[in-house]
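Chemist: One structure, pasted below without further comment.
Since every read-out is calculated from the coordinates, none of them should be taken as a lab result. None of the values given here were measured: they were computed from a predicted structure. Quick reminder, even Gly has a Cβ in these numbers, built from the backbone with ideal geometry, and neighbours come from all protein chains shown.
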Amino acid sequence: MAKIRLDHLTKQFGDVVAVDDVTLEVADREFLTLLGPSGCGKTTTLNIIAGLETRTSGTVWFDGDEVTHVPPEQRDIAMVFQTYALYPHMKVFDNIAFGLRMRNVPKSDVEKRVLLAARTMDIEHLIQRKPRELSGGQRQRVALARAIVRDPKVFLLDEPLSNLDAQLRVIMRTELKRLHAELDKTFVYVTHDQAESLIMSDRIVVMKAGGIQQVGTPDEIYNQPTNTFVATFVGSPPINLLEGNLKRINESTGQVTGAGFTCEMNPLLMKRLSHSATTSVRLGIRPEDIEVGTVRTPTAQATVAVREPMGSDLYLTLDIQGRSIKARTRPDVRIDRGEVVPIYFDSNKLHLFDGETGRTLLEG
Ligand code: ATP
């Protein structure tokens, strides 16, 4: 069992607040991802969990025991970094075995465990090679095998796929997901890649400037973002945000109007609308939730400014009275640049944010 709790954790480097009052629980055997832009405090948080960094205030708990001052080697964790950190002069076998030998594990056990870890990562055939004779993806597999062989309670992974090319990253994220299911251990994973976080995590912690913006399942983060920062950080192409005015017509009907568009709100959305909702709002609609060339009452008339065929999808940049938005449609939609088309925002998929604070105006 390995449950982790961070309680009002703060870390300052001089004037810089790297981690700002973070309180968080990682469930036993959960795959939890810390997601956010560069410099938001992900690595510092992970390093404090590992014991590699001291905190300024707050506490760290493993399974109900406070470990704030416990050194890393006594925390039963294994870390995997972006840079692999393999010993260049040692063969793969010895790289994987190193930690076990340091702990005086008997020789026969070392061999058994190294081979098992190598098999799990599908690198058995490489164990006699030196790191320089391996590709980036293979090196990262060795780094993972070195973590697995320790059989720790917790895996801490800091952007382990960032050095790999795009194609390999796609393969390795599936591998990591498989590994998590197979090992059945707690994983805390750091990334700035929103797609990675959506694909792999049980829950995502979105961070900004040292603080937590939202904690939720990938579905909650994507479909119920708590503010415009989370809404725009997660999703590609990003969500469209349009400034508008909200008008409640009655209990179950309302409208958001803005430059060149009128968006009807359905009763379900009206039910979720916060009672304190302001009139000045930002309407959010994801590219895939825009119907281009609609036969319904259109939300707007838009001019096609750019067509970007993506193979499986077609991205359209649409102009609504000088405001640019992005729509994602089927690849076989026949629309040319310069054409004016009616578009419809799916009223089940609308997001509404406070025009000033950017906080969601939808509840539940
Ligand atoms: P990245 O994705 O770029 O690695 P991050 O989200 O992991 O970023 P951190 O590395 O945790 O962010 O850094 C958080 C903040 O703390 C940044 O402003 C960074 O410059 C600062 N910081 C981190 N380590 C130190 C240090 N040792 N000394 C001074 N400032 C630091």
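Chemist: Once you keep just the Cα pairs under 8 angstrom separated by 6 or more residues, what percentage relative contact order results for the chain?
Modeler: 15 percent
Chemist: Okay, next question. Tabulate in residue order the Karplus-calculated ³J(HN,Hα) for the stretch 226-235, using 6.51 cos²θ - 1.76 cosθ + 1.60 with θ = phi - 60°, rounded to whole Hz; enter x for Gly and Pro.
Modeler: These are the phi-based 3J(HN,Hα) values: 7, 7, 5, 5, 5, 4, 7, 6, 9, x Hz.
Chemist: Residues with amide H under 5 Å of Met207's amide H, sequence separation 5 or more or different chain, H placed in the peptide plane at 1.01 Å from N; which?
Modeler: Here Leu35, Gly36, Gln213 satisfy the definition.
Chemist: Could you name the lysines in cross-link range of Lys3, using Cα to Cα under 20 Å and dropping any fewer than eight places away on the same chain?
Modeler: The qualifying lysines are Lys42, Lys153, Lys177, Lys185.
Chemist: Restricting to the chain, compute how many DSSP beta bridges are antiparallel as a %, nearest 5.
Modeler: 75 percent
Chemist: Can you give me the long-range amide H partners of Asn240? Hydrogens built in the peptide plane at 1.01 Å from N, cutoff under 5 Å, separation of 5 or more residues or another chain.
Modeler: Ile285, Arg286
Chemist: For labels at Glu363 and Asp76 in the simple 7 Å Cα→Cβ model, what's the distance in nm?
Modeler: Going from the Glu363 label point to the Asp76 one covers 4.3 nm.
Chemist: Give me the dipole magnitude in Debye, nearest 20, for the chain about the Cα centre, with unit charges on the beta carbon: positive for Lys and Arg, negative for Asp and Glu.
Modeler: Charge dipole of the chain: 800 debye, to the nearest 20.
Chemist: Out of residues 5 or more away from Thr68 or on other chains, whose amide H comes under 5 Å of its own, with H placed 1.01 Å from N in the peptide plane?
Modeler: Residues meeting the amide H criterion: Val60.
Chemist: Mind checking which lysines have their Cα closer than 22 Å to the Cα of Lys271? Skip sequence neighbours fewer than 8 apart in that chain.
Modeler: Output for Lys271: Lys247, Lys349.
Chemist: Determine the shape class of the stretch 1-71: with a ≥ b ≥ c the square roots of the Cα gyration tensor eigenvalues, call it rounded for a/c under 1.5, and otherwise prolate if a/b is greater than b/c, oblate otherwise. Spell out each step's value before the answer.
Modeler: Numbers: a/c = 2.06, a/b = 1.34, b/c = 1.54.
Oblate.
Chemist: A follow-up question, please. Can you tell me the equivalent ellipsoid semi-axes for the chain? Use √(5λ) from the Cα gyration tensor, largest first, whole Å.
Modeler: 46, 25, 15
Chemist: Each residue of the stretch 354-364 in order: what ³J(HN,Hα) in whole Hz does its phi give by Karplus 6.51 cos²θ - 1.76 cosθ + 1.60, θ = phi - 60°, with x for Gly and Pro?
Modeler: Working through the residues one at a time gives 4, x, 9, 7, x, 6, 5, 9, 9, 10, x Hz.
Chemist: When the helices in the chain are scored as -39500 (n - 2.57) per DSSP H run of 4 or longer and the sum is shared across all residues, what 222 nm value do you end up with, to the nearest 500 deg cm²/dmol?
Modeler: Values: 9 runs with 90 residues, N = 364.
The helix-only estimate for the chain comes to -7500 deg cm²/dmol at 222 nm.
Chemist: Okay, moving on. Give a residue-ordered list of calculated ³J(HN,Hα) values for the stretch 31-48 (Karplus: 6.51 cos²θ - 1.76 cosθ + 1.60, θ = phi - 60°; whole Hz; x for Gly, Pro).
Modeler: 9, 10, 10, 8, 10, x, x, 4, x, 7, x, 5, 5, 4, 4, 4, 5, 5
Chemist: May I pose another question? Using the Cα centre as the reference, give the magnitude of the dipole from point charges on the C-beta atoms of the stretch 139-289 (Lys, Arg: +1; Asp, Glu: -1; all else neutral), rounded to the nearest 20 debye.
Modeler: 260 debye
Chemist: How high is the relative contact order of the stretch 111-258, in percent, counting Cα pairs under 8 Å that sit 6 or more residues apart?
Modeler: Details: 139 pairs, mean separation 18.8, N = 148.
Worked out over the stretch 111-258, it gives 13 percent.
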